[in-house]
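What follows draws every value from the coordinates through simple rules; no lab data is involved. Bear in mind the structure is a predicted one, so any value in this text is a computation, not a measurement. Quick reminder, even Gly has a Cβ in these numbers, built from the backbone with ideal geometry, and neighbours come from all protein chains shown.
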């Protein structure tokens, strides 16, 4: 079954293939220039630091909805072992088995393909079982610091959490901009709060994933017009799930990652940030959010920190 004409029409309008050269693997992260970072640093006023990651734990947010994406399994492989003989310094070591996108994470541009292509028109079969992603793996993102902007759609609408059938529209994003008295600029990392992560924090993994509010297929054009560098939100699926267009599954993933080269993140805990931004009356900040550089991986855990 092929993707509908509506999808391909949007894809043409937001496509960034070749924009930064035929060899580019970073996509919209090219928009995070030195000047953008200097302006991001200028957004820091109090030095207040807000962590945005969920705990990495076996009781995490994965419920089995996404096959193979397992919650972290933590094992102690050494406990107070005196490696160099009795009375010497003892060490404890750990090992973890987990899906790289199990908790708070970034999706690499290679995470999604459509019509046999990944970002910048490269063949999808450049992703293999043994080497992973040959191009645009998460390891190409060696640093990520920029101005972060919280678009608190839930608070702007006067609710703690958007209902599960709410597709976040461009109008919602613009209303959240106005609510926060902030303007999204080129090179920004935009964080979209729906409040859905509250369900996960309350311990209901199944309800967290389905049904879920999320980004509408209409929003990629909004981010493209503003030259946003990356987008993350507080849901399992990022986009509304089930989809707003019957039979069109994960179109926002395909438009962001494959067409635009726009880094995308899920399972970010934006609750404390929402409160902090409301208290301080400002919705822009310095954001540090570099992924772990797993070679060949199509995603990676991240422990982002917003600095106000």
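Protection proxy ranking for 195-204, 13-22, using the average of other Cβ atoms within 10 Å per residue and placing the highest first: 195-204, 13-22.
Remark: the Cα gyration tensor places the stretch 136-181 in the prolate category, a/c being 1.5 or greater and a/b exceeding b/c.
For the pair residue 66 and residue 272, label points projected 7 Å from Cα toward Cβ lie 2.3 nm apart. Considering only 278, 154, 232, the Gaussian network model of the chain with Cα springs below 10 Å gives its largest mean-square fluctuation to 278. Of 227, 23, the sequence from fewest to most neighbouring Cβ atoms within 10 angstrom is 23, 227. The equivalent ellipsoid of the stretch 1-113 has semi-axes of 40, 25, 16 Å, largest first, where each one is the square root of 5 times an eigenvalue of the Cα gyration tensor. Here each label is just a point 7 Å from Cα along the line to Cβ, and for residue 279 and residue 178 those points are 2.9 nm apart. A Förster distance of 45 Å, applied to the separation of the beta-carbon atoms of residue 80 and residue 44, puts the FRET efficiency at 0.65.
Stretching residue 30 away from residue 186 to a fully extended chain increases their span by 55.1 nm, per 0.36 nm per residue minus the current alpha-carbon distance.
Taking 0.36 nm per residue of separation and subtracting the Cα-Cα distance, full extension of the segment from residue 93 to residue 201 would add 36.0 nm. Only residues of the stretch 223-241 count here: report those whose backbone N is under 13 Å from the spot 7 Å along Cα→Cβ of residue 250, or say none. Of the residues in the stretch 223-241, 237-239 have backbone N under 13 Å from the label point off residue 250. Its DSSP H runs of at least 4 residues, each contributing -39,500 (n - 2.57), put the calculated 222 nm mean residue ellipticity of the chain at -5000 deg cm²/dmol, to the nearest 500.
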